[in-house]
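Novice: Here's a structure for you.
The values are calculated or read from the model by the stated rules, or taken from the named source; none is laboratory data. A quick note: this is a predicted structure, and the numbers were derived from the prediction, not measured. Positions of Cβ are backbone-derived with ideal geometry, glycine not excepted, and every protein chain shown enters the neighbour counts.
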Amino acid sequence: MGKASRDKRDIYYRKAKEEGWRARSAFKLLQIDEEKRVVDLCAAPGSWSQVLSRKLYLPAKLSPDSRDNDLPLIVAIDLQPMAPIEGVIQVQGDITNARTAELVIRHFDGCKADMVVCDGAL
Ligand SMILES: C[S@@+](CC[C@H](N)C(=O)[O-])C[C@H]1O[C@@H](n2cnc3c(N)ncnc32)[C@H](O)[C@@H]1O
């Protein structure tokens, strides 16, 4: 089956067409509050991590149904240290280094991230 046929059967491809989004990738942002494991690459000084904390972690924590082992995990990485942000685990390191990736995977108990955001700049 060709790529075009595969895409046409994809639920998000069809949903994007119906709702007027230019690509199915719109749903990655629309569903951000459903993500459980998120990595913020090149995170300092931390404004994106603050957004992730406020959109994902704090609402889940304040929910009456919340359980500690079900809260979203947000890992922020940068070469520079950052002031603490509630619900954000900080890793000071180089994103191009395999050891940094291993540290992140360890925080996620060996699972893959649901979402990775990156605002890298020198
Ligand atoms: C534009 S700032 C990020 C701003 C951030 N998104 C925020 O919301 O506050 C870019 C960051 O990329 C980081 N950076 C650049 N190369 C990196 C690398 N190889 N590993 C980790 N961080 C890196 C820099 O230290 C810098 O803090």
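Novice: Restricting attention to the stretch 31-48, which residues are more than 17 Å from ASP94 (Cβ to Cβ), in contact (Cβ under 8 Å) with a residue 40 or more places away in the chain and among the small types (Gly, Ala, Ser)?
Specialist: Of everything in the stretch 31-48, just one residue is more than 17 Å from ASP94 (Cβ to Cβ), in contact (Cβ under 8 Å) with a residue 40 or more places away in the chain and among the small types (Gly, Ala, Ser), namely GLY46.
Novice: Does the stretch 58-71 contain any residue that is surrounded by 17 or more Cβ atoms within 10 Å (Cβ to Cβ) and either in contact (Cβ under 8 Å) with a residue 24 or more places away in the chain or basic (Lys, Arg) (or both)?
Specialist: For the stretch 58-71, residues surrounded by 17 or more Cβ atoms within 10 Å (Cβ to Cβ) and either in contact (Cβ under 8 Å) with a residue 24 or more places away in the chain or basic (Lys, Arg) (or both): absent.
Novice: Moving on to the next point. Which of the residues belonging to the stretch 83-99 are in contact (Cβ under 8 Å) with a residue 12 or more places away in the chain and near the ligand (Cβ under 8 Å from one of its atoms)?
Specialist: GLY93, ASP94, ILE95
Novice: So, one more: From the list ARG67, ARG37, exactly one residue is touching a Cys at 6+ places or on another chain (Cβ under 8 Å) and away from the ligand (no atom under 14 Å from the Cβ). Which is it?
Specialist: Among ARG67, ARG37, only ARG37 is touching a Cys at 6+ places or on another chain (Cβ under 8 Å) and away from the ligand (no atom under 14 Å from the Cβ).
Novice: Which numbered condition trips up ARG14, out of (1) modelled with pLDDT of 95 or more; (2) surrounded by 13 or more Cβ atoms within 10 Å (Cβ to Cβ); (3) outside the structural domain of GLY110 (by TED's automatic domain parsing)?
Specialist: Evaluating ARG14 over (1) modelled with pLDDT of 95 or more; (2) surrounded by 13 or more Cβ atoms within 10 Å (Cβ to Cβ); (3) outside the structural domain of GLY110 (by TED's automatic domain parsing) leaves (1) as the failure.
Novice: Kindly evaluate GLU102 against the criterion of being farther than 29 Å from TYR12 by Cα and either more than 8 Å from the ligand (Cβ to nearest atom) or aromatic (Phe, Trp, Tyr) (or both).
Specialist: It is true that GLU102 is farther than 29 Å from TYR12 by Cα and either more than 8 Å from the ligand (Cβ to nearest atom) or aromatic (Phe, Trp, Tyr) (or both).
Novice: Going through CYS118, CYS111, CYS42 one at a time, which residue ends up being under 23 Å from SER25 (Cβ atoms) and at pLDDT below 95?
Specialist: CYS111
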